[in-house]
Amino acid sequence: VSSDTLVVTQSPDVSFHEGETGNISCCWKGKPEKVGIKWLKNQTLVENKTVINQSSSSQNEQANSCSVLIFPNFTIRDSGRYICKVTVEIPTLTEVEGNGTTITVTARAVITDHHNLN
């Protein structure tokens, strides 16, 4: 395994309630100069961004960089499987996919009038 190998890791599966705020992350190990991050939900693009690595230091340790997908207010529609694709163009075009993170959003419990319970 060469030191240029890109390793992508994603958050473990998570559950949230409607209305909560939360996030999932996608991290890559390696020292690419420029990285394209694509977040896909059920194969549909949700977010696309480019991360430029400014660190010009030549440390040998592999830096861990992350992209965080933030949900300010979860709704049931946010449930699904999110996959992060990391693309590196330099030195060679490489695309590595994370294992995916499944988000489960549950509806808030409705407080029912206790007289209606049988």
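Since every read-out is calculated from the coordinates, none of them should be taken as a lab result. Everything quoted here is computed from the prediction, not taken from an experiment. Because the Cβ atoms are built from the backbone with ideal geometry, glycine has one as well, and the counts that use them run over all protein chains shown.
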Using 0.36 nm per residue of separation minus the Cα-Cα distance, give me the extension gain between Thr75 and Glu95 in nm, one decimal.
-> 4.2 nm
Provide the FRET efficiency to the nearest 0.05 for the Lys34-Thr102 pair, computing r from the beta carbons and using R0 = 35 Å.
-> 0.75
Can you figure out the FRET efficiency of Val68 with Ala109, using R₀ = 35 Å and their beta-carbon distance, to the nearest 0.05?
-> 0.80
Taking 0.36 nm per intervening residue step and subtracting the Cα-Cα distance, what contour gain separates Asn23 from Gln43 on full extension?
-> 5.3 nm
